[in-house]
1. Determine, from the Cβ-Cβ distance of residue 117 and residue 149 and an R0 of 25 Å, the FRET efficiency 1/(1 + (r/R0)^6), rounded to the nearest 0.05.
2. Got the relative contact order for the range 121-198 handy, in percent, Cα pairs under 8 Å and 6 or more residues apart?
3. If the chain between residue 195 and residue 29 were fully stretched, how many nm would it gain, using 0.36 nm times the residue separation less the Cα-Cα distance?
4. Could you work out the relative contact order of the range 2-254, using alpha carbon pairs under 8 angstrom and six or more residues apart, expressed as a whole percent?
5. If I take R0 = 51 Å and measure r between the Cβ atoms of residue 176 and residue 5 in this structure, what FRET efficiency does the formula 1/(1 + (r/R0)^6) give, to the nearest 0.05?
6. Say each of residue 253 and residue 184 gets a label point 7 Å from the Cα, pointing the same way as Cα to Cβ; how far apart are those two points in nm?
7. FRET efficiency for residue 224 and residue 169, Cβ-Cβ distance as r, R0 = 30 Å, nearest 0.05?
8. Please find, in a Gaussian network model of the chain (springs between Cα atoms separated by less than 10 Å), the residue of 118, 138, 55 whose mean-square fluctuation is greatest.
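Nothing in this text is a laboratory measurement; each read-out follows from the coordinates by a stated rule. This is a predicted model, so every value here is computed, not measured. Because the Cβ atoms are built from the backbone with ideal geometry, glycine has one as well, and the counts that use them run over all protein chains shown.
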């Protein structure tokens, strides 16, 4: 009866789709946890996230990666509205030279009082696995937020901004910020002002979120995730250190999802 409604090929493709995502998760875990001292954000973590930004939400489109703030905002406007460039002038500011690691954006319908469309965007700051998520890292993310809030063409109340810092571990200051905003009921929230929110997440938060979302399907499939991980590690058994991190990154980037 099932095969009358879909083909076996489609069923297999769906299973492979989930498997490929787990491959990316396992590769990223190895880079973040096992190759900490050899991996960095630009050559490894960022390249993987650029290719697989579903890690931060299916609903977002990749607007830019590693571009200066001004170019990122131009690209942002282009994707959403198809404009040639940003029509309003950006303020002359040294922060134009700041680089954003990943800038994801999209519009999605969120029900409001006046039945309007609320536009949601996220900015992700990625750090090397060995970097601790501290007050200094959060300040960099807040700089992005402050810059965008100052731009008149991006400060409508109908826009919502999420700024996310991701590291392997967080320090005591970040943990204290979790406590300060825990009444909001949002995992990782450390600051909120107007239509902007700042989040501090660990890679374990990202991985666990993925696992929770896919757990029901994987349990029904009796999927052997450990076998997938072992097969991947077998492909790089002859490499060590930076070479191993580079190879794992290439494999992850090559996964077409």
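1. Values: r = 21 Å, r/R0 = 0.82.
Computed FRET efficiency for residue 117 and residue 149: 0.75.
2. On the way: 100 pairs, mean separation 30.7, N = 78.
Relative contact order here is 39 percent.
3. Working: separation 166, 0.36 × 166 = 59.76 nm, distance 3.25 nm.
The residue 195-residue 29 span can extend by a further 56.5 nm.
4. Details: 347 pairs, mean separation 53.5, N = 253.
RCO, the range 2-254: 21 percent.
5. Numbers: r = 53 Å, r/R0 = 1.04.
That pair, residue 176 with residue 5, gives E of 0.45.
6. Label-label distance for residue 253 and residue 184, simple model: 3.4 nm.
7. Details: r = 30 Å, r/R0 = 0.98.
Taking R0 as 30 Å, the efficiency between residue 224 and residue 169 is 0.50.
8. Its mean-square fluctuation being the largest, the pick is 118.
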